[in-house]
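Data first, discussion second: the structure below is written as structure tokens.
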Amino acid sequence: MRTQVAIVGAGPAGLVLSHLLDRLGIECVVLEARDREYVQGRVRAGVLEQGTVDVLRHLGLADRLERDGIPHHGLELRFDGVGHRIPLTDLTGRSIWIYGQQQVVEDLVAARLETGGPLLFDVSDVRVHDVDTGAPRVEFRDADGEPRVLYADLVAGCDGFHGVCRESIPDGVLRTYLRDYPFGWLGILAEVPPSTEELIYCRHRRGFALHSLRSPALSRLYLQVDPDEDIGDWPDERIWGELHARFATEGWSLAEGPIVDKGVTPMRSFVTEPMRYGRLFLAGDAAHIVPPTGAKGLNLAVADVVVLADALAAWYRDGNAGKLDAYSELCLRRVWRVQQFSWWMTSMLHVMPDHDEFGERVQRAELAYVAGSLAASTVLAENYVGLPLPVEPP
């Protein structure tokens, strides 16, 4: 097989990149280790920044988002049993949208298959070779187990934290920055209309809690727990009891419903530098992970591939490699800005294992300042809705 760009991974990063390249007339093939049902069924992020929504609109792939997505113009910080609204749109002129990552992926997969773009699911034994030369290739076995070789000009590693692309880079090339947090999130998806019209970020002495949603009929809720917590120790009754305790505030009640999905996710910050080796370009979780408190993972991946598509457009159009050479540096500026914001939100709202009364007082004072200061609220708002993309989507 022969193509211009080999894309490894059919998550949001790889799929958005494929559509951007199609729009530019650049050939690409997408390889994915999982089957279509698994890829479309993964329950992940649900908050889209304004910039991500604008990219989907630019691609003509926002019809269902416009119909079923829920725009939000504010969020609530709740602490000491009292809620404080941060008016995102009033402060920034921008908004966020509630639309599940699995819905984004469904839309992107359906559109790619409809146009006949090569998208190969259920591949195995993927290996990336010769990216330090002018003739990279990707070896793999297709869904029938047959060995295949894909030759390309460049390879986009969009295959996530556990993917093969980053691991194919020789030792000593990359520098990795990692922080594991001493807690995780117990997340549930419940068949019950949300008890709130906007997201609630709650700091409680028992731990952080978040009330989000996926649709008018589905609530998404999270609890801070130990990172190695056994989900079997959390029957539904215990989960609801803890959620009631942490969200408790006068004049508001939490609605309960059947829990259809639950699990514990450890939290980490991870960045690898550079995001390029030869003709291999890393994007999304293959290059960085942020704690979910700032709702940035999917959005950061989209920003990466917009930069990459713009650079590829210049390279194929006039042979100018300047933007490809600047890809890693330009992306990493945004990555570290988002890391700082996500770390700040996380440290402000979670109870640390070694927390004492002094630490609690400091944390509450910071929350009160953010809620009561126009300047501090604006800092939170402009980062939460998303800073402008580094480049316009090509």
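Nothing in this text is a laboratory measurement; each read-out follows from the coordinates by a stated rule. As the structure is a computational prediction, the values presented were derived from the model and not from experiment. Neighbour counts run over all protein chains shown; Cβ positions are idealised from the backbone, glycine included.
Remarks
- A simple spin-label model places pseudo-atoms 7 Å from Cα toward Cβ; at N320 and R64 they are separated by 3.7 nm.
- Separation of the range 217-266 from the range 45-66 is 29 Å, based on Cα centroids.
- Gain on full extension, evaluated as 0.36 nm per residue between R337 and A375 minus their Cα-Cα distance, stands at 11.9 nm.
- In a simple Cβ point-charge model (Lys, Arg +1; Asp, Glu -1; nothing else charged), the range 73-157 has a dipole of about 360 debye relative to its Cα centre.
- Alpha-carbon centroid distance for the pair the range 309-339 / the range 81-140, whole angstrom: 18 Å
- Computed magnitude of the charge dipole of the range 224-267 (debye, nearest 20; Cβ of K, R +1, Cβ of D, E -1): 180 debye
- Student exercise, the range 276-348 dipole from Lys, Arg, Asp, Glu Cβ charges, in Debye to nearest 20: 80 debye
- Among beta bridges that DSSP assigns inside the chain, antiparallel share in %, nearest 5: 75 percent
- Distance between the modelled labels on V82 and H162, one decimal in nanometres: 4.5 nm (7 Å Cα→Cβ projection).
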